[in-house]
Every structure is written in C-alpha cells, then in structure tokens.
Amino acid sequence: MPLIRPIKDLRNTSEISEMCHKKREPIFITKNGYGDLVVMSMETYESQLAIVGVYKKLAEAEAQISEGVTLLDGEDVFKKLRKKHANK
C-alpha cells in the first residue's frame with residue numbers, strides 16, 4: 001500500500017527519511033489534497049532506474065525481433081566472452 005503524507009510532514013525530515021529506508025518504497029506527498037511530490041531513498045531510486053532499464057532493453061529486443069533482426073546464439077556469445085576473458 002503506498003505511503004501518502006501531507007506536505008507539512010516534510011518538516012520532520014528525519015522521520016520521512018526513516019520511513020523511506022524502512023519501507024523501501026516511494027512516499028507520495030500531497031499539497032492541498034492533491035499529489036505534488038514523490039520522495040524515496042537513493043537505494044529505491046537506483047532500483048527503480050534499474051528496473052526501467054531492463055524494461056527498455058526488453059522493448060528494444062522485442063522491436064528487433066519484430067523487425068526480423070537475426071538473433072545471436074546464446075551459447076556462441078558466452079563461448080566468445082569466456083575466450084576473451086580467459087586471455088586477459
């Protein structure tokens with residue numbers, strides 16, 4: 001369940017910070033009863049960015065498949081990577 005707090009609660013920054021780290025999810029801040037801000041810990045932010053990055057890469061891969069781009073064989077890719085890193 002999302003955490004929703006009025007903007008006046010931002011006066012207590014330590015409490016907001018503690019909630020962000022404890023719940024590991026964004027806190028939605030309202031102003032005059034309407035959504036205004038989202039506050040989250042750096043860890044949560046970085047996690048969200050990573051998830052967005054994965055979805056972006058999946059969308060790119062799906063677009064390539066629909067365009068008929070030739071797929072790489074996974075085993076061949078891993079063999080080349082192992083060989084490349086074994087020589088270092």
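The values are calculated or read from the model by the stated rules, or taken from the named source; none is laboratory data. Keep in mind it's a predicted model, so treat the numbers as computed, not measured. Methodologically, a virtual Cβ is constructed for each residue, glycine included, from the backbone with ideal geometry; neighbour enumeration extends over all protein chains shown.
Got at least one residue in region 25-35 being in a helix (DSSP H, G or I) and of a type outside the set (Lys, Arg)? No, every residue in region 25-35 fails to be in a helix (DSSP H, G or I) and of a type outside the set (Lys, Arg).
When region 68-81 is limited to residues that are surrounded by fewer than 10 Cβ atoms within 10 Å (Cβ to Cβ) and modelled with pLDDT of 90 or more, the one that is nearest to Leu58 (Cα to Cα) turns out to be Gly68. Per the listing Arg24, Arg5, the residue uniquely at positive phi and surrounded by 10 or more Cβ atoms within 10 Å (Cβ to Cβ) is Arg24.
Among the residues of region 51-67, are any surrounded by 10 or more Cβ atoms within 10 Å (Cβ to Cβ), at pLDDT 95 or above and not in a helix (DSSP H, G or I)? For region 51-67, residues surrounded by 10 or more Cβ atoms within 10 Å (Cβ to Cβ), at pLDDT 95 or above and not in a helix (DSSP H, G or I): absent.
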